[in-house]
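K.L.:
Below you will find the structure I want to go over with you.
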Amino acid sequence: MAPLPSIFTVSSLTSLIKEVLESSFLTVEVEGELSNFRPSSTGHWYFSLKDKDSMISCVMFRGRTGSIDFVPSDGQKVIVRGNLSVYAKRGTYQIVCSSMKLSGEGDILLMLEERKRKLAALGYFDQERKKTIPSFPSKVAVVTSPTGAAIRDILQVLGRRNAGIDIVILPAPVQGEEAAAEIAAQIKRANTFNLGDVLIIGRGGGSLEDLLPFSDEQVVHAVYESGIPVISAVGHEIDLSLSDLAADKSAPTPSAAAEIVSENREQIINRVADLKKMISENIQTRLERIHLLLDRFKPENLENSFRQIVQPFMLRLDDGKETLVNQFNKYLTEKKHHIQILKTELMNISPVEIMKKGYSVVTLKDNGTLVTGTGQLEENSSIAIRFAEGSATGRIEEILK
């Protein structure tokens, strides 16, 4: 190897570094957390990999992105494979990635998907059980870290939009092994002591592992059982936890949750002013209508108004009276005719009419019993005979069987 010069130019030193790095790291696999993920309009992916101490830039060109079977997002833990490349004009280096796969987070995503299916089957995410968030809550309970960015954002928004709302902070760790139990306990405490008209739970952004407490079954169960309407505001807009699905409403950020429960004071003032104007105009319109109505009851208008009201009824009364008389007369005529027919029929079947044809009625004189056969008679018994005109008496001299 040729001896190195004592003084390098910028280009020569950069070229040497490029040669050493690119030849020494032909293929590398690097594990880290995705950060600043920026897909470009041309289809290339630009992002960084980081851990707690360092960060490195990465690029994956469009020809390679199609082979990735998941949607990358900030906070995911991945393993990339590729080669180092030095960009001489800027003196920077990056990994040109040929593949990417989820690291330990892949197992977490599978676990969360299985838990999501289980809780969905139990009805934890059903829309029909979700409660309505009150429009003007007087007291808001917040379950979050007392020192995190989430509570600062919530307090700032509520103070700016509606400082009259009482805020009850229920402190709880928002990441780590003990976080889920503490969060669930604070949700139950808020319900036990009725600490708010609405309950906000959440935290700022973080990795998938950081957000796990808000997908824990005991937290989701506490949200599901809460009698107080719950707003879940976990992470940033792209983050999703199971408590978001179980809550009565999901907010993309803690600040957005605070905006949901607080009406802007200026908006309220403007709304009140608009309502005042609308009510005043309605009252004025009603007064004008009342004045017009009162004019109709002036003495000079009452008689005309009364006549206009009564005249249709008088006409209907006269028409009704005439119709009633006509119908009654018609009814009487029909009944008279019917009676005459019945009288004629009765006369035709009257015993008197029959006797006029030569028939007579015979009764026993002693008791007036009608005689219908010779079995009722004895010799020398007295009988009475009635004719169509008059009657006569007689005595039986002979009975012929």
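The values are calculated or read from the model by the stated rules, or taken from the named source; none is laboratory data. On a predicted model such as this, the values are computed, not experimentally measured, just so you know. Don't worry about glycine lacking a Cβ; one is built from the backbone with ideal geometry, like all the others, and counts go over all protein chains shown.
K.L.:
Among the residues in the range 177-193, are any modelled with pLDDT under 95, at negative phi and not in a helix (DSSP H, G or I)?
P.N.:
yes
K.L.:
If you go through the range 67-118, how many residues are surrounded by fewer than 17 Cβ atoms within 10 Å (Cβ to Cβ), of a type in the set (K, R) and closer than 22 Å to V28 by Cβ?
P.N.:
Number satisfying all stated conditions: 3.
K.L.:
Let me ask something else. Take the residues in the range 162-220 that are hydroxyl-bearing (S, T, Y) and touching a helix residue (DSSP H, G or I) at 6+ places or on another chain (Cβ under 9 Å), then tell me which one is farthest from S135 (Cα to Cα).
P.N.:
Checked the range 162-220; the qualifying residue farthest from S135 (Cα to Cα) is S207.
K.L.:
Additional query: Where in the range 20-95 are there strands (runs of 3 or more DSSP E), lying wholly inside it, with at least 3 residues that are touching a Pro at 6+ places or on another chain (Cβ under 9 Å) and without any contact (Cβ under 8 Å) to a residue 60 or more places away in the chain?
P.N.:
28-39, 45-50
K.L.:
OK, next. Select the helices (runs of 4 or more DSSP H) contained entirely in the range 249-354, then report the ones holding at least 2 residues which are more than 30 Å from V140 (Cα to Cα).
P.N.:
Those helices (runs of 4 or more DSSP H) span 265-295, 299-348.
K.L.:
Somewhere in the range 310-326, is a residue of a type outside the set (K, R) and under 30 Å from G204 (Cβ atoms)?
P.N.:
no
K.L.:
Here is a further query. Which numbered condition trips up I231, out of (1) in the same structural domain as T144 (by TED's automatic domain parsing); (2) farther than 18 Å from D153 by Cα; (3) among the β-branched types (V, I, T)?
P.N.:
Looking at each condition in turn, I231 falls short on (2).
K.L.:
How many residues does the range 217-227 hold that are under 20 Å from S145 (Cβ atoms) and buried (at least 18 other Cβ atoms within 10 Å of the Cβ)?
P.N.:
Selection size over the range 217-227: 5.
K.L.:
Would a scan of the range 220-234 turn up a residue that is modelled with pLDDT under 95, acidic (D, E) and out of contact with any Ser or Thr (no Cβ under 8 Å at 6 or more places or on another chain)?
P.N.:
no
K.L.:
Got at least one residue in the range 241-249 being outside the structural domain of N162 (by TED's automatic domain parsing) and surrounded by 12 or more Cβ atoms within 10 Å (Cβ to Cβ)?
P.N.:
The answer is no; no qualifying residue exists.
K.L.:
Considering only residues that are at pLDDT below 95 and out of contact with any strand residue (DSSP E or B) (no Cβ under 7 Å at 6 or more places or on another chain), which ones fall in the range 246-256?
P.N.:
Result: P252, S255.
Okay, residues lined up against (1) free of Cβ contacts under 8 Å to residues at least 60 places away in the same chain; (2) crowded, with 18+ Cβ neighbours inside 10 Å; (3) touching a Pro at 6+ places or on another chain (Cβ under 8 Å):
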{"site": "G159", "(1), (2), (3)": "yes, no, no"}
{"site": "V174", "(1), (2), (3)": "yes, yes, yes"}
{"site": "A233", "(1), (2), (3)": "no, yes, yes"}
{"site": "S262", "(1), (2), (3)": "no, yes, no"}
